[in-house]
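**Student:** Structure in structure tokens, see below.
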Amino acid sequence: MSVLNLNATLREVLEISPGYSLLVNSSGEILHRNTTFDKLFQEIFGNDSCISNVDDLQLVSSNFKKQFFWNDIFEFAETGRFNMNVCLGESNRVFKCTSGSFMTDGDITYLVCLHEVTPSYQMEKKMMEKNGFFESLLNELPQMICAMDENGNIRYWNEQCKSILGYDSNEIVMGHDAMLKLIPNSAYRKDIIEKIYRKESGVLRFINIKMMASDGAEKIISWSLRYMANPLVPSLNFWMVGTDITGLEVAMKSLVESEERFSIISKASNDAVWDWDLASGNLWWNEGMTALFGYPSEEIENTYDWWLERVHPSYATSVNEKLERHVKEGIPFWSDEYLFRKADGTYALVFDKGYLIMDDKDKPLRFVGGMVDITHTKNLNTL
């Protein structure tokens with residue numbers, strides 16, 4: 001079909017369309033508008049008003065009366081995603097504005113359609129006004145609370161969201177770039193949105209999301225999410241309650257890295273490395289207990305008593321009392337020499353050293369250390 005025939009066909013389609021439609025070129029010049037749109041324009045702006053460019057429409061957001069920039073609308077139209085409630089000029093009538101784009105004769109042409117949604121919008125607005133107390137209550141809660149609509153727009157953003165992520169509600173609510181600000185990585189953003197938009201009505205789900213704060217810091221927010229279809233307020237279906245767990249995640253990562261380092265060091269060490277959990281009484285040994293003293297792993301019991309039973313009787317009481325005093329008094333460094341029974345029944349002279357780990361309330365938490373066989377060294381010193 002030729003470009004001329006295509007445009008003629010589009011004009012015919014627009015004329016029989018029940019909505020208010022127009023064709024616009026990339027310069028914002030209106031190429032065609034249907035009769036219904038002309039009547040609407042005259043009703044709102046008066047019979048003497050003329051329209052030749054999209055700027056004449058004075059298109060503004062129905063939520064904040066913000067002027068739209070047409071290049072933003074065009075950019076979204078090229079991906080087929082622009083869909084928003086708007087007003088014309090100062091009119092209180094609300095229209096759902098959708099747009100799309102196509103190529104004609106080497107230039108981009110935009111199809112812009114308006115459908116009036118004033119009744120449903122007013123109902124939603126009244127319900128939100130009636131729930132003013134509810135909204136103020138949400139702002140006082142310590143949790144982050146966010147609501148999203150079917151089109152991916154954030155429709156509610158409480159004070160805790162602002163406090164933690166730094167963005168004011170005016171920057172986020174109905175902002176076409178809100179999700180881009182919060183989740184800049186496109187692949188990750190797509191995956192997260194897909195997870196959010198699983199429509200399981202009434203089912204509480206949990207999801208951790210990495211989000212970018214206004215100062216550029218990465219935050220990890222644990223969200224509990226519920227999809228609640230509401231015919232009275234159809235735009236508010238996805239409700240999310242969040243908690244900032246960034247500090248916890250950092251601490252867990254640090255702990256894992258610390259445990260990995262400890263594991264590597266214990267494997268590389270010639271000592272029989274031990275880790276005594278004072279709360280549970282569990283005493284862990286690395287492979288050194290087998291390598292130095294010959295005990296098969298299946299015979300090693302992870303208890304303090306198992307170790308103490310193998311300390312020579314002439315040393316056991318003094319070694320035990322010294323360890324108990326370090327734990328009781330919070331003395332961090334401990335060391336001792338004693339005879340330790342090997343798996344074959346003979347005794348080895350060992351040097352044992354440990355460090356007492358305290359919690360943030362100065363309560364003993366763990367004792368970690370290492371035991372090394374110094375029998376050969378002592379023998380050499382006697383020569």
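**Student:** For LEU141 and GLU43, compute 0.36 nm times the residue count separating them, minus their Cα-Cα distance, and round to one decimal in nm.
**Tutor:** Numbers: separation 98, 0.36 × 98 = 35.28 nm, distance 4.53 nm.
Working it through step by step, the gained length comes to 30.7 nm.
**Student:** Can I ask one more? What's the extension gain from SER17 to ILE220 if we count 0.36 nm per residue and subtract their Cα-Cα distance?
**Tutor:** On the way: separation 203, 0.36 × 203 = 73.08 nm, distance 4.72 nm.
This chain segment gains 68.4 nm when fully extended.
**Student:** Give the long-range amide H neighbours of ILE108: residues separated by 5 or more places, or on another chain, with amide H under 5 Å away, using H modelled in the peptide plane at 1.01 Å from N.
**Tutor:** Hits under the 5 Å cutoff: SER26.
**Student:** If you don't mind, another one. Any of LYS162/LYS361; LYS210/LYS363; LYS342/LYS363; LYS96/LYS219; LYS162/LYS199; LYS328/LYS361 with alpha carbons more than 23 Å apart? Name them for me.
**Tutor:** Details: LYS162/LYS361 33 Å; LYS210/LYS363 34 Å; LYS342/LYS363 34 Å; LYS96/LYS219 34 Å; LYS162/LYS199 27 Å; LYS328/LYS361 14 Å.
Table pairs above 23 Å Cα-Cα are LYS162/LYS361; LYS210/LYS363; LYS342/LYS363; LYS96/LYS219; LYS162/LYS199.
**Student:** Between region 82-119 and region 12-63, how many Å separate their Cα centres?
**Tutor:** 9 Å
**Student:** Say R0 is 25 Å: what FRET efficiency, to the nearest 0.05, do TRP306 and PHE333 get from their beta-carbon distance?
**Tutor:** On the way: r = 24 Å, r/R0 = 0.97.
With a Förster radius of 25 Å, E is 0.55.
**Student:** In addition: Each residue of region 144-154 in order: what ³J(HN,Hα) in whole Hz does its phi give by Karplus 6.51 cos²θ - 1.76 cosθ + 1.60, θ = phi - 60°, with x for Gly and Pro?
**Tutor:** Values per residue, Gly and Pro as x: 6, 10, 9, 10, 10, 9, 5, 9, x, 8, 7 Hz.
**Student:** Something else now. Kindly state, to the nearest 0.05, the FRET efficiency for MET358 paired with SER318, given R0 = 30 Å and r defined as their beta-carbon distance.
**Tutor:** Working: r = 24 Å, r/R0 = 0.81.
That pair, MET358 with SER318, gives E of 0.80.
Since every read-out is calculated from the coordinates, none of them should be taken as a lab result. Owing to the predicted nature of the structure, the values given are computational and were not obtained by experimental measurement. FYI the Cβ positions are ideal-geometry reconstructions off the backbone, even for glycines, and counts take in every protein chain you see.
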